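The values are calculated or read from the model by the stated rules, or taken from the named source; none is laboratory data. Treat the numbers as computed from the prediction; the structure is a model and nothing was measured. For neighbour counting, all protein chains shown are included, and Cβ atoms are generated from backbone atoms with ideal geometry for every residue, glycine included.
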Amino acid sequence: MIIGILAPMKEELQAICDKYPQSTMLEKCGIHYHYIKIKDNEIIIMQCGVGKVNAALAVSTIKHLFNVDIIINLGSAGGMKLGQKPLDIVIGTELVYTDVDITPLGFAYGELLGEPKSWFSDKELVSLATKCSSSDLPTIHYGTIGTSDAFVSAPMVQSIQNKFDNRIVCAEMEGCAVAHSCTKLGIRFIVIRSLSDVPSEDGKSHEKMMDYLSRASHNASILVSRIIEQLIVN
């Protein structure tokens, strides 16, 4: 089995690489990646970069170069629900675009021409993630992750929620593009996030995001490493 892990930012990349000190930094076709071999399984860890285009390119690249069977996209995100706390974990069961709007043409908000309204993580991987969630981790949330090329601040939250029946659990910048690309390429996938910030009335979400980024990345990496362990065992 070949498992690909995509992390947008260097802090998120470092957090998952820390789980595999035996990894080797390699280069192929100008692409730098971390390589781990466990038994007959291979793990490829890449920094995909921030934003939808970078995420989609990374999925295409890692599939083309390594023919991965599974992609796990991990990283940080902003909370979108009351009662959430920084460092909570989100297992994305559904992924949507929150910045796509061709509603004047009769499409639903977030729906692209010729595409589904949303994409869904692999059910077996979601089930496995649930199995790997234990009491030593922060609160686990399940549901819809919203992706856009924007940092979602407090004034934007309710407007987005209104368009998606208040079902967005967290907001980030890559997940749906990963889901979209994986679905097109026939790759099983799951998106795991940990909250680095929850929108606040003081308008300082971005400052809190940087405060919690490393710890949130660490939490997401704990769960992802457990999922990989189970995949390899099974």
Practice problem: Within the stretch 49-90, work out how many residues are surrounded by fewer than 23 Cβ atoms within 10 Å (Cβ to Cβ) and not basic (Lys, Arg). | Solution: 20
Exercise. Being in a loop (DSSP other than H, G, I, E, B) and among the aliphatic types (A, V, I, L, M) is the filter here, so list the residues in the stretch 52-85 that pass it.
Key: VAL68, MET80, LEU82
Exercise. Give VAL126, VAL198 a once-over and let me know the one that is among the aliphatic types (A, V, I, L, M) and closer than 22 Å to ILE62 by Cα.
Key: VAL126
Self-check item: Every residue from the stretch 13-56 that is closer than 19 Å to GLY146 by Cα and of a type outside the set (S, T, N, Q)
Solution: CYS48, GLY49, VAL50, GLY51, LYS52, VAL53, ALA55, ALA56
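Residues in the stretch 121-133: is at least one touching a His at 6+ places or on another chain (Cβ under 8 Å), buried (at least 17 other Cβ atoms within 10 Å of the Cβ) and assigned to a loop (DSSP other than H, G, I, E, B)?
Looking for residues that are touching a His at 6+ places or on another chain (Cβ under 8 Å), buried (at least 17 other Cβ atoms within 10 Å of the Cβ) and assigned to a loop (DSSP other than H, G, I, E, B), one finds none in the stretch 121-133, hence no.
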Exercise. Output the qualifying pairs, or none if there are none: Cβ atoms under 6 angstrom, residues six or more apart or on different chains, first residue in the stretch 116-144 and at positive phi, second residue loosely packed, with under 13 Cβ neighbours inside 10 Å and aliphatic (A, V, I, L, M).
Key: none
Quiz prompt | Qualifying residues in the stretch 116-148 (those that are at pLDDT 95 or above and acidic (Asp, Glu)) - the one farthest from the chain's Cα centre (by Cα) | solution = GLU124
Exercise. Could you grab me the full set of residues in the stretch 184-209 that are modelled with pLDDT under 75 and surrounded by fewer than 15 Cβ atoms within 10 Å (Cβ to Cβ)?
Key: SER200, GLU201, ASP202, GLY203, LYS204, HIS206, GLU207
Exercise. Would you point out the residue of the stretch 149-159, among those that are part of a helix (DSSP H, G or I) and either surrounded by fewer than 15 Cβ atoms within 10 Å (Cβ to Cβ) or of a type in the set (Asp, Glu) (or both), that is modelled with the lowest pLDDT?
Key: PRO155
Practice problem: Name, by its number, the condition in (1) small (Gly, Ala, Ser); (2) in a loop (DSSP other than H, G, I, E, B); (3) in contact with a Lys or Arg (Cβ under 9 Å, 6 or more places away or on another chain) that does not hold for GLY49. | Solution: (3)
Exercise. Only one of these is touching a residue at least 40 places away in the same chain (Cβ under 8 Å), in a strand (DSSP E or B) and charged (D, E, K, R): GLU27, GLU11, GLU94. Name it.
Key: GLU94
